[in-house]
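Visitor: This is the structure, below, for whatever I ask next.
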Amino acid sequence: MSKRRQERISVEIKKVLSQILMDNIKDPRVDFSSISITRVDVTNDLSHARVNISVLGDDSRQEETMKVLQKAKGFIRSELAKEIQLRHAPELEFRLDKSIEHGIKISSLLEKLREGEGNQ
């Protein structure tokens, strides 16, 4: 399979999954406005998709969100299959992505350094 098609399918899956999470998942334990899908990697045969998800909040909120997503994986996959035009919907694997949190932390540290230099 061409790399270009694989990338297009990854982008389409990311878009559809975002819509599914916002509209179709109704779980009171999770605030889906604090969740973002950072990346979707699809295997060459389109049988598996690794979905990297960033959750803003503390560790307990991240853990709870990942549990909810794991539990709803079958429903999410069936909704994905309805939306995309593939013979078989890929098996989903959700992974927690902490890169956004890491970026915010580094940004705040740099801001503190700038303030420290400004005072001197």
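Values quoted throughout were computed directly from the atomic coordinates according to the rules given, and no laboratory measurement underlies them. Here the structure is a predicted model, which is why all the values come from computation and not from measurement. No Cβ is skipped: glycine too gets one built from the backbone with ideal geometry, and neighbour counts run over all protein chains shown.
Visitor: Identify all residues within the stretch 33-68 that are aliphatic (A, V, I, L, M), touching a residue at least 24 places away in the same chain (Cβ under 8 Å), within 19 Å of S99 (Cα to Cα) and touching a Lys or Arg at 6+ places or on another chain (Cβ under 8 Å); write none if there are none.
Guide: V40, V51, I53, V55
Visitor: Which members of the stretch 95-120 meet the condition of being touching a residue at least 12 places away in the same chain (Cβ under 8 Å) and part of a helix (DSSP H, G or I)? Full working, then the answer.
Guide: Taking the stretch 95-120 and keeping what is touching a residue at least 12 places away in the same chain (Cβ under 8 Å), we get 95-101.
Hits for the stretch 95-120 are S99, I100, E101.
Visitor: Quick check: is even one residue across the stretch 21-32 farther than 25 Å from R5 by Cα, out of contact with any Lys or Arg (no Cβ under 8 Å at 6 or more places or on another chain), surrounded by fewer than 16 Cβ atoms within 10 Å (Cβ to Cβ) and touching a residue at least 60 places away in the same chain (Cβ under 8 Å)?
Guide: no
Visitor: Just to be sure I understand, how many residues within the stretch 44-79 are under 21 Å from I9 (Cβ atoms), in a loop (DSSP other than H, G, I, E, B) and aliphatic (A, V, I, L, M)?
Guide: Total meeting the criteria: 1.
Visitor: Additional query: Of D97, D58, which residue is of a type in the set (D, E, K, R) and exposed (fewer than 10 other Cβ atoms within 10 Å of the Cβ)?
Guide: On the way: D97 fails: exposed (fewer than 10 other Cβ atoms within 10 Å of the Cβ).
Being of a type in the set (D, E, K, R) and exposed (fewer than 10 other Cβ atoms within 10 Å of the Cβ) holds for just one of D97, D58, which is D58.
Visitor: Go through the stretch 1-38 and count every residue that is over 12 Å from the mean Cα position of the chain (by Cα), closer than 28 Å to D58 by Cα and basic (K, R).
Guide: Residues meeting the conditions: 2.
Visitor: Another question about this same structure. Could we say that F75 is surrounded by fewer than 16 Cβ atoms within 10 Å (Cβ to Cβ), hydrophobic (A, V, I, L, M, F, W, C) and closer than 18 Å to Q19 by Cα here? Can you show your working first?
Guide: Details: surrounded by fewer than 16 Cβ atoms within 10 Å (Cβ to Cβ): yes; hydrophobic (A, V, I, L, M, F, W, C): yes; closer than 18 Å to Q19 by Cα: yes.
In short, yes.
Visitor: Being in a helix (DSSP H, G or I) and touching a helix residue (DSSP H, G or I) at 6+ places or on another chain (Cβ under 7 Å), is that true of even one residue in the stretch 80-94?
Guide: To start, the set of residues in the stretch 80-94 that are in a helix (DSSP H, G or I) comprises 80-83.
Subset that is touching a helix residue (DSSP H, G or I) at 6+ places or on another chain (Cβ under 7 Å): 80, 83.
Checking the stretch 80-94: at least one residue is in a helix (DSSP H, G or I) and touching a helix residue (DSSP H, G or I) at 6+ places or on another chain (Cβ under 7 Å).
Visitor: Further, regarding this structure: Taking the residues in the stretch 1-20 that are in a helix (DSSP H, G or I) and small (G, A, S) as candidates, determine which candidate is surrounded by the fewest Cβ atoms within 10 Å (Cβ to Cβ). Walk me through it before giving the result.
Guide: Of the residues in the stretch 1-20, the ones in a helix (DSSP H, G or I) are 3-20.
Retained after the next criterion (residues that are small (G, A, S)): 10, 18.
Details: S10: 19, S18: 15.
Looking at residues that are in a helix (DSSP H, G or I) and small (G, A, S), I get S18.
Visitor: Here is a further query. For the stretch 78-91: of the residues being without any contact (Cβ under 8 Å) to a residue 60 or more places away in the chain and aliphatic (A, V, I, L, M), which is surrounded by the most Cβ atoms within 10 Å (Cβ to Cβ)?
Guide: Checked the stretch 78-91; the qualifying residue surrounded by the most Cβ atoms within 10 Å (Cβ to Cβ) is A89.
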